[in-house]
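Worksheet: the structure to be examined is printed underneath.
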Amino acid sequence: MLLRGEGFLPFMSVPLASVFVRESEVTSMSDIQKSRGRSIGLALGGGGARGLAHLGVLRALEERTYAIEAISGCSMGGVIGALIGSGYTSSTIIDLIKDIRFRDVLDFGAMGGIVGGKGIDRLLREHVRDTFDDLDIPLKVTAVDVQRGTLVVLGTGPLVPALLATSALPGILSPVEHADRVLIDGGLLNNLPIDVVRTMSLAPVVAVDVGAPHNRALDFTQDHSIVNFFKRLSNREFRTLTVELFMKSFDIPQRFITETRLAMDPPEVLIRPHLDVSFGVEDVHRLDEAVELGYRAAQEMLDRWEGSDSPPAKT
């Protein structure tokens, strides 16, 4: 039986931060600590720059001395997971991101996407381990085989191609040819891979959802002529109405699938940082804000979980 703190249903008004407690033989945080220490499995969702909030969550986990047994991730969550597994801490990842000139990383005109992956490939190779097996913490990431239309879980072999694949937002970032497949962003089918990390560890799962809101309003008053479209692209402005519509058509089903998966298999702790609807997947310049919001949400949810000696009433 599942006991739920604050529940939600797809497309209904939802709390921005929620906690779930799974009823089992272990019914209190103190019992969990005695039986498993302070170990957790970590599921990090995709969301582009919104995923920088993962670093605030990581900081909170570090302060509370949680040991991460395994990580599953999608898109930015997969990249952050790879950095953690490569020995980085929240503070060293933040310093790394602040030193990156993202405009210099992006390249244009690649197969199947507005943005290519060569610059991102170079950047990742400088900072993460060569293979999944080289990581200090086991990691798996989700992607989608665009030809077969199936979910793919990557957890062996070369690391960087897998990270590029899990991050390849359809139409925006180029698909990745890897392991005899053409792969795109796993967020299409599993943006918050709780089920994946459960196959890797028996520890309680902390999941962090940073997906774009499905109810984000679009601006239909902007100039959407083809001339303006290419003018904005030439200025590296990605948020044309055409791109906005495309991304919104990705966000809506992604949210529905995520909520459905959560209803079927809720994590022990679900953290949803209070990122506002204007926080875009490209807003890397809002790093400090994302980290702070992730930290606050994590502190709130972990406090509630650690204090849940008596599970909350079923709702």
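Some observations on this one:
- Full-stretch length increase - T92, T221 - with 0.36 nm per residue and alpha-carbon distance subtracted: 42.3 nm
- Computed from backbone phi, the HN-Hα couplings of the range 169-178 come to 4, x, x, 9, 9, 5, x, 10, 8, 8 Hz, rounded to whole numbers (Karplus: 6.51 cos²θ - 1.76 cosθ + 1.60, θ = phi - 60°; Gly and Pro given as x).
- If a spin label sat at a point 7 angstrom from the Cα of T150 along the line to its beta carbon, no backbone N atom of the range 73-97 would be nearer than 19 Å.
- Heavy-atom accessible area order for F102, F256, largest first, 1.4 Å probe: F256, F102
- Against the criterion of solvent-accessible heavy-atom surface with a 1.4 angstrom probe, I120, I94 sort, most first, into I120, I94.
- Backbone amide hydrogens, once placed in the peptide plane, bring V205 within less than 5 Å of G41, E268, V269, excluding anything fewer than 5 places away on its chain.
- Under Stokes-Einstein, with the Kirkwood radius over Cα pairs as Rh, the value for the range 157-218 at 37 °C and 0.692 mPa s is 241 µm²/s.
- Accessible surface area normalised per residue over the range 37-96 is 22 Å², counting heavy atoms of protein chains with a 1.4 Å rolling probe.
- For the range 277-290, 3J(HN,Hα) computed residue by residue from phi via the Karplus equation (6.51, -1.76, 1.60; θ = phi - 60°) reads 5, 7, 6, x, 5, 9, 7, 5, 5, 9, 3, 4, 5, 4 Hz, glycine and proline entered as x.
- With the largest listed first and rounded to whole Å, the semi-axes of the equivalent ellipsoid of the range 74-212 from the Cα gyration tensor are 22, 20, 14.
- A Förster radius of 41 Å, combined with the Cβ-Cβ distance separating H285 from D134, puts the computed FRET efficiency at roughly 0.80.
- The accessible area of E292, taken with all protein chains in place and a 1.4 Å probe, comes to roughly 80 Å².
The values are calculated or read from the model by the stated rules, or taken from the named source; none is laboratory data. For clarity, every value in this text was computed on a predicted model and none was experimentally measured. Heads up, the Cβs are rebuilt from the backbone with ideal geometry, glycines too, and the neighbour counts pull from every protein chain shown. When the accessible area is computed, the model is the full protein with side chains, heavy atoms only, and any ligands, DNA or RNA have been set aside. Shrake-Rupley method; radii C 1.70, N 1.55, O 1.52, S 1.80 Å.
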